[in-house]
Amino acid sequence: MISIQNLHASVEDKAILKGLNLEVKAGEVHAIMGPNGAGKSTLGNVLAGREGYEVTGGSATLNGTDILELDPEERARLGLFLAFQYPVEIPGVSNLEFLKASVDAVREQQGKEALDSVQFLKLAREKCKAVNLDQSFLKRGVNEGFSGGEKKRNELMQMMLLEPSLCILDETDSGLDIDALQVVAEGVNAMRDANRSFIVVTHYQRLLDYIVPDYVHVLANGKIVKSGGKELALELEEKGYGWLEDAATAE
Amino acid sequence: MSSQIETQAATTETVVLEGKDAEIGRRIGKEYQAGFVTEVESDTLAPGLDEDVVRFISAKKGEPEWLTEWRLKAFRAWQEMQEPEWAHVTYEKPDFQALSYYSAPKSMADKPKSLDEVDPELLRTYEKLGIPLHEQMALAGVAVDAVFDSVSVATTFREKLAEAGVIFMPISEAVHEYPELIQKYLGTVVPQRDNFYAALNSAVFSDGSFVYIPKGVRCPMELSTYFRINEAKTGQFERTLIVADEGSYVSYLEGCTAPMRDENQLHAAVVELVALDGAEIKYSTVQNWYPGDEEGKGGIYNFVTKRAVAHTNAKVSWTQVETGSAVTWKYPSCVLKGDNAVGEFYSVALTNNFQQADTGTKMIHLGKNTKSTIISKGISAGKSENSYRGLVRMNPNAEGARNYTQCDSLLIGDQCAAHTFPYIESKHPSAVVEHEATTSTVSDDQLFLCQQRGIDTEKAVSMIVNGFCKEVFKELPMEFAVEAGKLLEVSLEGSVG
């Protein structure tokens, strides 16, 4: 699925990722945990191609395609999806229009026929229901006036519509109460299948009670400093990140 | 209360975006799609302007004595006037003696009696612009008057309209066929000496459309005029007069384009609307004059006076989508003369590269319980300057009058500017004036969200801008709302790097 090798990246000339390696195979769920400032969000942004995140070394290939030279929209069309920590509002552009443009662009890339408005509306309503959002959210401006939980569910709905092959969830649990967290987790779990992979970036173990990962990695000081199974998350919960950070700095 | 007069001085709000999203300013540079030149032989008057030129134009059109005198009076007034300088625009003033004031394709010298006699090259010009003039090919339900430089080339569906009693013809013909109507209304809304450009237009106006809707008639189709400047070093001075008699209704649309040229060309039009008691006029403009190149070279100077008088219970609605011209100076206005008259102004003004627009409206409330609504959407990209300038005046008799103004600016990139100049004068204590204004930007975060969902930046910007303009687009006749959306897309091409 995705293979990241010796990835270096900086923001405003400050090195954030310093040689990150990660292999995620189809169907796997990897959790990336780590202290604040370790570079967790940077990883998602670099992979998605956000402006201002400069790759200074290494490679990342998605299903065999080197993605680091591609425009963000090209990466998205290849099946890379980033669920934002803080989804931004686009006033005046209806959610439905936005979703249609998005699905059209991705389907075109995949050589699939564009859905007509009726088909699309039906599909969008279905997904809207699946994430427990009222149908009226389709008519409202993108994230306009949505609560934190509604924004995250809207992200999830987009993910369901686009059916990406790699989903990166960037601190999706931040700002969510336990009910909303469950809705999001259920949605994610429903999408797990043998052809889809997830990178779940989170600060807290809590989310991983609901989205159970196959692997857990600790990101500290721009590198993966420890990898393990889901039990590593529990260990981190108990011990904190300090012992791993010290080890990373000592290298 | 000691005084019944309340006046709020003009407040000025200027927003210039700086710094952060410098990246967005980069341009790719796409072509203006209506920029071609039609190769036709034209009769073009030598440059220069004096009383003889005014007489020449009048004679060329075989006008009656009164109209020649009317023009001369305007010309004499114009000579005494100064070009206005209060607008927030800077440009090199036109040399009025270097312009030609009349140009017409030679083939139009003997008036063609039907479309079959019109030079095919002219017809092709309009086809290329998406305005087929053959009725069977034309947009269903839209009658078109096509004005090419100084003359009207063709007017479609005239017979069909005549059945309803609707008069729709070039004003130059109406002068001969309906002299009493022209004499009664010409210059009653925009007098000859109203302002510098209106005076100039009154002296040298060439052609334009005349519309008359009889009492109680609902015009059976959309009327539209398509203005095309073709000849170099000429100005276009068209004059449109629309009279909606009591209880009638008409929806009218104008469109404009011009070839790409390095020099600036002048377009100084006058539009007069008369809505008699209980009549309704809906006037829509899609203005796409050549805006100049990305270095700011060339483009049309669009200095236009548009005004309507609404009598008792009448309603006038101006909708404009302004994407073209190097410099725009334009304030479609309503004089709400009768009680309960309603005036509306819906505007989208988009400026890119080095374009400058100073546009807005005037709502003059004279009658009781008159109402006006102003929705203005300014979009600035590139290095452009976009100003809204609006006057709302509640006169001493305007008891119970109301105005609502909403003025929104959207900035794309960090080199452009948006300005708002609202003037509010209220001389009746019961009048209510509301003014709301917002300024927003297309942010990097919004663009990234779109891109991350597979939508490229140009599509994203056009979606965001269209969303921003939605309230205005819904006022346009449906066929044109789609056109307007596409036009914005083209005009914005290259505004995002």
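The values are calculated or read from the model by the stated rules, or taken from the named source; none is laboratory data. Remember, it's a predicted structure, so these values are computed and weren't measured experimentally. Cβ placement follows ideal geometry from the backbone for every residue including glycine, while neighbour counts extend to all protein chains displayed.
So which residues in the range A:138-150 are out of contact with any Leu (no Cβ under 6 Å at 6 or more places or on another chain) and either aliphatic (A, V, I, L, M) or crowded, with 21+ Cβ neighbours inside 10 Å (or both), if there are any at all?
Residues of the range A:138-150 out of contact with any Leu (no Cβ under 6 Å at 6 or more places or on another chain): A:139-148, A:150.
Selection gives A:Val142, A:Asn143.
Take B:Ser409 and tell me if it is more than 12 Å from chain A (Cβ to nearest Cβ), of a type in the set (S, T, N, Q) and in a loop (DSSP other than H, G, I, E, B). Explain how you work it out, then say what you get.
Numbers: more than 12 Å from chain A (Cβ to nearest Cβ): yes; of a type in the set (S, T, N, Q): yes; in a loop (DSSP other than H, G, I, E, B): no.
No, not satisfied.
The C-beta contact set for the range B:115-132 (first residue among the aromatic types (Phe, Trp, Tyr), second residue crowded, with 17+ Cβ neighbours inside 10 Å and modelled with pLDDT of 70 or more, distance under 7 angstrom, 6+ apart or interchain) comprises B:Tyr126/B:Ala146; B:Tyr126/B:Tyr226. Every test in (1) at negative phi; (2) modelled with pLDDT of 95 or more is passed by B:Gly278 save one, and that test is (1). Screening the range A:176-251 for helices (runs of 4 or more DSSP H) wholly inside it with 1 or more residues that are modelled with pLDDT of 85 or more returns the ranges A:178-191, A:206-210, A:231-239.
Inspection of the range A:11-25 finds no residue satisfying the criterion of being more than 14 Å from chain B (Cβ to nearest Cβ) and part of a helix (DSSP H, G or I).
Count, please, the residues in the range B:193-222 that happen to be of a type in the set (A, V, I, L, M, F, W, C) and free of Cβ contacts under 8 Å to residues at least 60 places away in the same chain.
So the first thing to find is which residues in the range B:193-222 are of a type in the set (A, V, I, L, M, F, W, C), and the list is B:196, B:198-200, B:203-205, B:210-211, B:213, B:217, B:219, B:221.
From the residues that got through so far, the ones that are free of Cβ contacts under 8 Å to residues at least 60 places away in the same chain too are B:210-211, B:217, B:219.
Summing the residues that are of a type in the set (A, V, I, L, M, F, W, C) and free of Cβ contacts under 8 Å to residues at least 60 places away in the same chain in the range B:193-222 gives 4.
Per the conditions (1) more than 13 Å from every other protein chain (Cβ to nearest Cβ); (2) within 14 Å of the chain's Cα centre (by Cα), the sole criterion not satisfied by A:Thr61 is (2). For the range A:66-106, the set of residues classified as at negative phi, facing chain B (nearest Cβ under 8 Å) and assigned to a strand (DSSP E or B) consists of A:Phe81, A:Leu82, A:Ile90, A:Pro91, A:Val93, A:Ser94, listed by residue number. Of everything in the range B:317-340 that is assigned to a loop (DSSP other than H, G, I, E, B) and touching a residue at least 40 places away in the same chain (Cβ under 8 Å), the residue that is farthest from B:Ser224 (Cα to Cα) is B:Gly338. Whether a residue is touching a residue at least 12 places away in the same chain (Cβ under 8 Å), over 17 Å from B:Ala279 (Cβ atoms) and not hydroxyl-bearing (Ser, Thr, Tyr) was assessed, and B:Leu241 does not pass this test.
Any idea which residue in the range B:211-237 is surrounded by the most Cβ atoms within 10 Å (Cβ to Cβ), counting only those that are in a strand (DSSP E or B) and of a type in the set (Phe, Trp, Tyr)? Talk me through it step by step, then tell me what you get.
From the range B:211-237, those in a strand (DSSP E or B) are B:211-213, B:218, B:222-228, B:234, B:236; that's our starting set.
This time we only want the ones that are of a type in the set (Phe, Trp, Tyr), so: B:212, B:226-227.
Numbers: B:Tyr212: 23, B:Tyr226: 22, B:Phe227: 25.
The residue in question is B:Phe227.
Just a yes or no: is a residue in the range B:413-432 under 30 Å from A:Gly49 (Cβ atoms), within 13 Å of chain A (Cβ to nearest Cβ) and in contact with a helix residue (DSSP H, G or I) (Cβ under 6 Å, 6 or more places away or on another chain)? Checked against the condition, which is being under 30 Å from A:Gly49 (Cβ atoms), within 13 Å of chain A (Cβ to nearest Cβ) and in contact with a helix residue (DSSP H, G or I) (Cβ under 6 Å, 6 or more places away or on another chain), the range B:413-432 yields no hits at all. Looking only at residues in the range B:130-156 that are part of a strand (DSSP E or B) and of a type outside the set (A, V, I, L, M), the one that is modelled with the highest pLDDT is B:Asp145. How do the pairs read when you match residues in the range B:436-465 that are within 8 Å of chain A (Cβ to nearest Cβ) and buried (at least 21 other Cβ atoms within 10 Å of the Cβ) with residues anywhere that are among the small types (Gly, Ala, Ser) and not in a helix (DSSP H, G or I), using Cβ under 8 Å and keeping only pairs 6 or more apart or on different chains? Between residues of the range B:436-465 that are within 8 Å of chain A (Cβ to nearest Cβ) and buried (at least 21 other Cβ atoms within 10 Å of the Cβ) and residues that are among the small types (Gly, Ala, Ser) and not in a helix (DSSP H, G or I), the close pairs are B:Gln451/A:Gly49; B:Ile464/A:Gly92.
Answer yes or no as to whether A:Asp116 is more than 22 Å from A:Val201 (Cα to Cα) and more than 8 Å from chain B (Cβ to nearest Cβ). Taking the combined requirement at face value, the residue satisfies it. Checked against (1) under 13 Å from the mean Cα position of the chain (by Cα); (2) at pLDDT below 95; (3) under 23 Å from B:Leu161 (Cβ atoms), B:Glu272 passes all but condition (2). Look at the range A:41-54: where a residue is within 9 Å of chain B (Cβ to nearest Cβ) and modelled with pLDDT of 95 or more and a partner is crowded, with 21+ Cβ neighbours inside 10 Å and not in a helix (DSSP H, G or I), sitting 6+ places away or on another chain with Cβ atoms under 6 Å, you get A:Ala48/A:Leu82. When you look at B:Gln415, is it in contact (Cβ under 8 Å) with a residue 12 or more places away in the chain, of a type in the set (S, T, N, Q), surrounded by fewer than 23 Cβ atoms within 10 Å (Cβ to Cβ) and out of contact with any Lys or Arg (no Cβ under 8 Å at 6 or more places or on another chain), yes or no? The answer is no for B:Gln415.
With the requirement that a residue be in contact with a Phe, Trp or Tyr (Cβ under 6 Å, 6 or more places away or on another chain) and buried (at least 24 other Cβ atoms within 10 Å of the Cβ), what does the range B:378-388 give you? Talk me through it step by step, then tell me what you get.
Within the range B:378-388, the subset in contact with a Phe, Trp or Tyr (Cβ under 6 Å, 6 or more places away or on another chain) is B:378, B:383.
Hit for the range B:378-388 is B:Gly378, nothing else.
Of the residues contained in the range B:393-403, none is found to be surrounded by fewer than 24 Cβ atoms within 10 Å (Cβ to Cβ), in a strand (DSSP E or B), more than 10 Å from chain A (Cβ to nearest Cβ) and of a type in the set (A, V, I, L, M).
More than 14 Å from chain B (Cβ to nearest Cβ) and not in a loop (DSSP other than H, G, I, E, B): is that true of A:Leu138 in this structure? Against the criterion (more than 14 Å from chain B (Cβ to nearest Cβ) and not in a loop (DSSP other than H, G, I, E, B)), A:Leu138 qualifies. Of everything listed in (1) in contact with a Gly (Cβ under 6 Å, 6 or more places away or on another chain); (2) outside any strand (DSSP E or B); (3) not acidic (Asp, Glu), the single unmet condition for A:Lys112 is (1).
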